[in-house]
1. Of the residues A145, A130, which is assigned to a helix (DSSP H, G or I) and in contact with a helix residue (DSSP H, G or I) (Cβ under 6 Å, 6 or more places away or on another chain)?
2. I'm told F255 meets every condition in (1) surrounded by fewer than 22 Cβ atoms within 10 Å (Cβ to Cβ); (2) free of Cβ contacts under 8 Å to residues at least 60 places away in the same chain; (3) closer than 20 Å to S51 by Cβ except one. Can you identify the failing condition by its number?
3. What's the number of the condition V171 fails, among (1) in contact with a Lys or Arg (Cβ under 7 Å, 6 or more places away or on another chain); (2) modelled with pLDDT under 90?
4. Quick one: which of S78, S89, S106 is surrounded by fewer than 21 Cβ atoms within 10 Å (Cβ to Cβ) and among the hydroxyl-bearing types (S, T, Y)?
5. Is there a residue in the range 4-14 that is of a type in the set (S, T, N, Q), surrounded by 17 or more Cβ atoms within 10 Å (Cβ to Cβ) and at pLDDT 85 or above?
6. Return a yes/no flag: does the range 216-234 have any residue that is buried (at least 23 other Cβ atoms within 10 Å of the Cβ), touching a residue at least 60 places away in the same chain (Cβ under 8 Å), charged (D, E, K, R) and more than 18 Å from N61 (Cα to Cα).
7. Could you list all residues from the range 38-95 that are at negative phi, touching a strand residue (DSSP E or B) at 6+ places or on another chain (Cβ under 6 Å) and small (G, A, S)?
8. Which of the residues that make up the range 224-244 are assigned to a helix (DSSP H, G or I) and closer than 22 Å to I21 by Cβ?
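The values are calculated or read from the model by the stated rules, or taken from the named source; none is laboratory data. All figures in this text were calculated on a predicted structure; none of them were measured in a lab. Here the Cβ positions follow ideal geometry from the backbone for every residue, glycine too, while neighbour counts run over all protein chains shown.
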Amino acid sequence: MTVATWQRLKTDRYGMGGLIIVIFFALVALSVWSGMLGQSWSVTSGNRWESISAAHWFGTNLLGQDILQRTLFGAATSFEVGLIVTAFSIVLGTVLGALAGWYSHSWPDEAILWLKGVLDSIPIYLFAAAIAFALQGNRWAMHLAMIITFWTTTARIVRGEVMRIKQREFVEAARAIGLPGIVVVFRHVLPNTIHILLVQATIVFVAAIKTEVILSFLGLGIKDGVSWGLMLAESSQEVLAGHFGNFTAASVSLFILLMGFNLLADALQAALDTRRPII
């Protein structure tokens with residue numbers, strides 16, 4: 001991120017608010033991974049459905065487990081899924097999109113577009129659920145399912161951008177001095193797509209978190225641990241009994257985090273627009 005981009009981002013109050021929210025949840029996730037928070041999420045530390053108190057700030061669930069501890073651990077789960085899925089799907093989509101764009105209207109482009117068309121023709125949640133169900137014995141099944149389904153949008157965006165950039169003079173100059181096409185793509189073309197990939201990464205991160213919640217709610221997601229999706233699944237029975245601790249903690253946390261990422265994505269898109277003047 002350049003200085004000019006940061007200056008534009010700082011002028012966006014909503015974007016900075018979103019950044020603060022994302023940083024807060026990231027710090028919570030880091031604290032959980034380091035063992036400072038959320039480690040007693042599975043411990044029965046109270047009675048069933050205790051109300052909010054000094055000992056249990058968010059109350060307890062049906063088994064007497066502390067809802068706050070489970071909420072904190074769920075934040076770490078969301079960030080783990082988001083980071084893994086975003087990293088792999090962005091890399092896969094970037095590589096395939098770059099190849100399709102550079103060799104546009106040839107057989108590599110046609111093959112990648114065909115594969116993308118096949119995957120896009122299947123409803124994303126249904127396809128992800130099918131893969132997760134087929135590999136449910138594998139703890140990475142859900143991650144793999146999302147990576148397979150999420151790369152296509154990135155590939156489409158990168159393909160179009162590469163097709164545009166490869167007509168530029170500096171690319172023609174690189175080709176004129178005899179650099180191989182692959183070298184030109186990865187050394188000269190793809191660095192000029194970073195601004196698009198940053199925004200796309202935030203969008204994929206949000207999609208990964210939402211999909212994890214849905215799959216976990218359906219029993220096809222997180223197995224070893226706890227997530228906000230599992231908490232919402234538990235709350236489906238608790239709400240009928242008049243207890244809303246799990247539901248409120250998971251749904252409010254999910255809403256705040258997704259709102260923060262959406263605000264940040266919008267602000268990044270505006271800040272990376274070089275046509276916008278710095279105020």
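1. A145
2. Failed condition: (3).
3. Unmet condition: (1).
4. None of the others qualify; the one that does is S106.
5. no
6. Checking the range 216-234: not a single residue is buried (at least 23 other Cβ atoms within 10 Å of the Cβ), touching a residue at least 60 places away in the same chain (Cβ under 8 Å), charged (D, E, K, R) and more than 18 Å from N61 (Cα to Cα).
7. S45, G46 - these are the residues of the range 38-95 that are at negative phi, touching a strand residue (DSSP E or B) at 6+ places or on another chain (Cβ under 6 Å) and small (G, A, S).
8. Across the range 224-244, the qualifying residues are W228, G229, M231, L232.
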